[in-house]
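The values are calculated or read from the model by the stated rules, or taken from the named source; none is laboratory data. Source: prediction; values computed, not measured. As a convention, Cβ positions derive from the backbone with ideal geometry for all residues, glycine included, and neighbour counts pool all protein chains shown.
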Amino acid sequence: MTEKDWVKSFIGDFEKQLRKTNETVRVVDGHRLSYANEVLTYDNNHKPDKQNSIGYETDILVYGQIDDNTWKPWVVIETKLGSVTTHDAITCSQKAQTHKYVHPFLRYGILIGNRESFPLPGRLFRHGQHFDFMLSWKSFKADKREMKKFIEVVNDEIQASRTLDEILYNSRSKSRERFTSLHRPLRLSK
């Protein structure tokens, strides 16, 4: 089974589960998401005139449908089957970083399927510094506990993305929430 086939095997159920808590959530596989916007020319008012957007294909994109014509990316999930090499960890983490340059509120993670009884590999912790979450399933299909954890983590990440978006783009609003601390805990589960 390929990674693309694997993702297609569960993405429908995954979206259905997420939509139970948020009707605007959409999930797609193989969607291109910008990681760079290049300004080619400016007009005489010093505003970008011509731009070029460059994107990577995402394995899983979770986004919010704002209205009929507008959506916002919330979470990207890289997928791997069986094992993750050092090169995979570095490359996927770098993709996360470049996507976050363009979408600073975006949350990014990795899901590894068919890990059998092996834990997340140490190289992923060492080289995956731009991941917000990492998950693995013992088989191709998540058991109930694994799926529950997956949905819980992604819902938390959607909320984190929406909160960061609010903080970044409404910081001058008088009615904004006023935060006085930030703490990014490390939570692990077996």
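Side notes on the structure shown:
- Failed condition for Leu81, given (1) of a type outside the set (Lys, Arg); (2) over 24 Å from Val25 (Cα atoms); (3) at pLDDT below 95; (4) touching a strand residue (DSSP E or B) at 6+ places or on another chain (Cβ under 7 Å): (3)
- Residues that are at positive phi and out of contact with any Lys or Arg (no Cβ under 9 Å at 6 or more places or on another chain), drawn from the stretch 22-78: His46
- Inter-residue pairs, beta-carbon under 8 Å, first over 22 Å from Val39 (Cα atoms) and buried (at least 16 other Cβ atoms within 10 Å of the Cβ) and in the stretch 54-77, second of a type in the set (Val, Ile, Thr) and at pLDDT below 95, 6+ apart: Gly64/Thr24
- In this entry, Met134 is excluded by the filter for residues that are under 21 Å from Gly12 (Cβ atoms) and either modelled with pLDDT under 95 or crowded, with 16+ Cβ neighbours inside 10 Å (or both).
- A residue that is surrounded by 10 or more Cβ atoms within 10 Å (Cβ to Cβ), of a type in the set (A, V, I, L, M), in contact with a Lys or Arg (Cβ under 8 Å, 6 or more places away or on another chain) and under 15 Å from Thr79 (Cα atoms) occurs nowhere in the stretch 156-175.
- Residue in the stretch 3-51 that is surrounded by the most Cβ atoms within 10 Å (Cβ to Cβ), counting only those that are outside any helix (DSSP H, G or I), in contact (Cβ under 8 Å) with a residue 12 or more places away in the chain and over 17 Å from the mean Cα position of the chain (by Cα): Asn37
- Residue selected from the stretch 109-153 under the condition in contact (Cβ under 8 Å) with a residue 12 or more places away in the chain and acidic (Asp, Glu), by the criterion nearest to Lys16 (Cα to Cα): Asp132
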